[in-house]
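Undergrad: Encoded as structure tokens, here's the structure I'll be asking about.
The values are calculated or read from the model by the stated rules, or taken from the named source; none is laboratory data. Keep in mind it's a predicted model, so treat the numbers as computed, not measured. Cβ coordinates were reconstructed from backbone atoms using ideal geometry, including for glycine residues, and neighbour counts include every protein chain displayed. These accessible areas exclude ligands, DNA and RNA; they are computed on the full protein's heavy atoms, side chains included. Shrake-Rupley method; radii C 1.70, N 1.55, O 1.52, S 1.80 Å.
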Amino acid sequence: NLLIRKSMSKLFQSFLYSHLPEKEHQGYESSTGKLFKSVNFRIRYFDDRFEIDFTALDKSYEQMIAIEILKNVLKLGEIYFSETTVGFVERQLGEDVTKMVVRGDVCAAIKNRVTGKKIFLEPGDSRHTEIITNHTLQKFEALLGKPYTKELLIEPLWQSLKPRTFWYEKTPYIAWFAKYKIQADSQMLNLLLDTGLGGDSMKNLGFLEVVE
């Protein structure tokens, strides 16, 4: 149902904000003034079900959301889920890990100076890599309260030929499903797994799967 898909990101975001500390709604501010969130989610649609993956820098948030879903029927707006299953997946990397290959729908955009509209960049565009790298550095500082001073290399390895459209209410966001190699220390790698890569992590974007 296209109408449901267009509303799901907003509805699940609202569900999270109603059960997480107020700080998550406000966001964490970097020295540039940009606000970041410490959680991320992905919604996948199948013929007979939805699957929602939720991750958080603070692991107690994951437990809070799981308990809430198990205790009460999951309700997103006027959508009720008659049957719900909750599972946990260990995604944390060891302290000695300094590289990972991941895949996901990562969003990066610039603003058209004439029209003011967003132009979404594909991973093959060097500006895409520059934007998500700067975004990652600012997010690390905002969430952990210190600058990141070690190596950070984000390299796109592959991208889908066609982009996908992700809806947040009536607003479309465009992203290409892509594979990236990321080199950084384990703290940064785990932060990206917990909070997503690129912009709009609370709009069903940026969720990463580890490939190798």
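Undergrad: Taking θ as phi - 60°, what are the ³J(HN,Hα) couplings along segment 127-140 by the Karplus curve (6.51, -1.76, 1.60), each to the nearest whole Hz, with x for Gly and Pro?
TA: Each residue of segment 127-140 in turn: 5, 4, 5, 4, 5, 6, 5, 4, 4, 5, 5, 5, 5, 4 Hz.
Undergrad: Same structure again: Can you give the longest run of the chain that contains no trypsin sites (Lys or Arg not before Pro) sitting in a DSSP loop with at most 15 other Cβ atoms inside 10 Å?
TA: 1-48
Undergrad: Sticking with this one: With θ set to phi - 60°, apply the Karplus curve 6.51 cos²θ - 1.76 cosθ + 1.60 along segment 30-42 and write out the HN-Hα couplings as whole Hz, x wherever there is a Gly or Pro.
TA: With coefficients 6.51, -1.76 and 1.60, one gets 8, 5, 7, x, 6, 9, 10, 10, 9, 10, 7, 8, 9 Hz.
Undergrad: If DNA, RNA and ligands are ignored and the probe is 1.4 Å, what is the ranking of 80, 173 by accessible area, most exposed first?
TA: Most to least solvent-accessible, the answer reads 80, 173.
Undergrad: Now a separate question. Which entries of 75/179; 6/146; 10/59 show an alpha-carbon separation above 30 angstrom in the structure shown?
TA: 75/179; 6/146
Undergrad: Counting other Cβ atoms within 10 Å of each Cβ, which chymotrypsin sites (Phe, Trp or Tyr not before Pro) in segment 17-73 have at most 14 and sit in a DSSP loop?
TA: In loop regions of segment 17-73 (DSSP not H, G, I, E or B), the sparsely surrounded chymotrypsin sites (Phe, Trp or Tyr not before Pro) are 46.
Undergrad: Something else about it: Sequence gap at least 6, Cα distance under 8 Å: using those rules, report the relative contact order of the chain to the nearest whole percent.
TA: 30
Undergrad: Shifting gears a bit: Below 12 angstrom from the Cβ of residue 32, what's the summed charge of the other residues (Lys, Arg +1; Asp, Glu -1)?
TA: That sum, taken over residues with Cβ under 12 Å, equals 0.
Undergrad: Pulled fully out, how much extra length does the chain show between residue 26 and residue 98, if you take 0.36 nm times their separation in residues and subtract their Cα-Cα distance?
TA: In short, 22.8 nm is gained.
Undergrad: Ignoring ligands, DNA and RNA, how do 158, 176 rank by accessible area with a 1.4 Å probe, largest first?
TA: Result of the area sort, largest leading: 158, 176.
Undergrad: Exactly which GluC sites (Glu not before Pro) in segment 50-84 are in a DSSP loop and have at most 15 other Cβ atoms within 10 Å?
TA: 78, 83
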